[in-house]
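Remarks on the structure that follows.
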Amino acid sequence: MAKGKGYKLTSANGDGVKTCAFYFSEKGCRNEAKCKFSHEKPSSAANPSSSGPPSVSSSSVVSSEESDDDASDGEIVENRAGAYTSLTLKPPSVANPFLSAVGVPTTPAPAPAKSPAKREDQPPPVQPETGTAEKKKRKRKKKSETTPAAPGDSIFDLAKAEITGAVAAPPNSAAAAAAPPSTKKAKKAKVAVSPTPSFRNLQLPVASFSVPPVANAASTPKATTSPKRSTSPQHDPAPPAPSPPLPTATPAHLKWKDAVNATRKHAGYDSAFSYDRYQKMEFANGISGPSDWITSRPYGNWCRSNPASIAIDCEMCETKDPISGKSDNKALCRISVVNADNPDEVLLDTLVKPQWPVSNHRTWVNGISESDLENVQFTLKHAQTFMAALCSDQTVVVGHAVHNDLLALRMVHHCNADTAMLFTHIDETDGTPSLKNLAHGVLGREMPDVHDSVNDARVALACAQHYVAKHGRVDPVEKKYTRSSSRHRLDAADTTMLLVHRLPNTTVAEHLTEMFLAYTHVKPKKVPEIQFNGTYGKCNIEFSSKEHAELAYTSLVGEEREDKTGKKQKRVGLKGGGYVCVRKMKKGN
């Protein structure tokens, strides 16, 4: 601790007995017998009006007390001396040391004998202290004994923050049960925890929604015929990931076991359900953090009365952080959950208020407009709370491309039956059929252009139940409808876009922007999220105009050839070997 400012007490005149002011104060003189001033009480004639300790004039206060003590700053010394107010700062070193504070020449007193040098192993001499001084010493000692945090260590328990900072999971979660309480108070608090609330009893601000009726919603686009393609896969299937638990808790769970296994064996499973990769990407881009994700808990008594399987579908929009400018292409704006054991029961159907302002509502896909979300109070955290109370790690989540729904929920769950991976196209065994083609080929039903998440969940469930009833021996479906068949959808043949495919699964959107800038000096207008299927991915890059897209393609240096559909494409080499393909969207262009 730095020493306080030093003070020196002087006498205006040199006559008379010099009395030690500190000796008669409440604190006393610490120099005791070594003090150069008198510890004798002055005679009553000198101070006839005093009946207690003498009231010494401020002009005659003198003492040999050490003035550089760490507690001797101005305020403390004045408290010690009571009414003695003529404390003066020591003159600076450049000032004349032989002049007092009032300009009177002084005769310097002989310097006190220096105490012998202290050894490190020799404790300081104990001096009797009383009152406030002793309390302050104890406080200083207590502070010095406190162990400081190591450099770089957080003062918060970040390991717990990852659990408690997320959606408030039901109290007796597996994480809470596994973590031993650190204090006796924590043990008492654990005993007082209430049982896990049922997902049916959660008080959530649900915002109901139904897709507005569209005059031509029942109409279907013209069927298209796709040319026959080779059935040989473009790449070898990725090695399977370590298998999480299978649904074996009850017979209702067990009937989905084969469908879950078939989903996991699909060539695109490891890439589509690579939660670690998506988390790293979002963490790096500042879209989410570890506490924003939830993981389904182990099956136990807490969920025995819950449905063994559910069907889910989510609608997403695009949002943008007004501060950082980062975009979230999978911002949840509607969630629908259907009881797979009883498809007529809708467990949850609500709009969801995104965290960031919406930059693209995608009304042409989901039917949700800006006014629909205006007064919605239901948030992603509410959706996660519901799913955490509903799903164990053995709850079968049925859906179409259900990894997109789980990523929008930021929920890590591996017990899934994904209809996009349970069925194939007749002419594309390595592709994934759309839900519209599944509804037509498996159920003989037509799907509207505008998505209704409740209807989509039920259609995916019906297709999955068909797969289970046939024990997985299902026929490939015809690719009757293409993704560009919707009136309002961005046409895949739009010449302002270029398709980049054969992208390694380590590629992120920023890599593509950097590639076009470096090779063509043309910056893409928009690079959406890369869609991976197995080892490789693809992405439709949008440019500001047709001319920008054409310039970007022309500027690429590489061999040009046509793909199987007759569209021109160029190969761009990769740093570690291999290549990616940049393809035009129209034939003969």
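The values are calculated or read from the model by the stated rules, or taken from the named source; none is laboratory data. Keep in mind the model is a prediction, meaning the values are calculated, not measured. Heads up, the Cβs are rebuilt from the backbone with ideal geometry, glycines too, and the neighbour counts pull from every protein chain shown. With ligands, DNA and RNA removed, areas are computed over all heavy atoms of the protein, side chains included. Shrake-Rupley method; radii C 1.70, N 1.55, O 1.52, S 1.80 Å.
Some observations on this one:
- Residue match in the range 397-412 (condition: surrounded by 21 or more Cβ atoms within 10 Å (Cβ to Cβ), in contact with a Cys (Cβ under 6 Å, 6 or more places away or on another chain) and part of a strand (DSSP E or B)): no
- If you go through the range 553-574 and keep only what is in a loop (DSSP other than H, G, I, E, B) and not β-branched (Val, Ile, Thr), you end up with LEU556, GLY558, GLU559, ASP563, LYS564, GLY566, LYS567, LEU574.
- If you go through the range 499-540 and keep only what is within 30 Å of the chain's Cα centre (by Cα) and in a strand (DSSP E or B), you end up with LEU503, PRO504, LYS526, GLN531, PHE532, ASN533, TYR536, GLY537, LYS538, CYS539, ASN540.
- Of the residues in the range 503-523, not one is at pLDDT 90 or above, crowded, with 17+ Cβ neighbours inside 10 Å and closer than 30 Å to MET447 by Cα.
- Residue check for ALA457: at pLDDT below 80 and not polar (S, T, N, Q): no
- The strands (runs of 3 or more DSSP E) found wholly in the range 244-351 include none carrying at least 1 residues that are open to solvent by 50 Å² or more (accessible area, probe 1.4 Å), farther than 26 Å from HIS466 by Cα and among the acidic types (Asp, Glu).
- Top-ranked residue of the range 416-462 - restricted to ones that are of a type in the set (Lys, Arg) and either open to solvent by 50 Å² or more (accessible area, probe 1.4 Å) or outside any helix (DSSP H, G or I) (or both), ranked as nearest to THR395 (Cα to Cα): ARG458
- Some residue of the range 541-556 being touching a strand residue (DSSP E or B) at 6+ places or on another chain (Cβ under 7 Å), open to solvent by less than 20 Å² (accessible area, probe 1.4 Å) and under 25 Å from SER274 (Cβ atoms): yes
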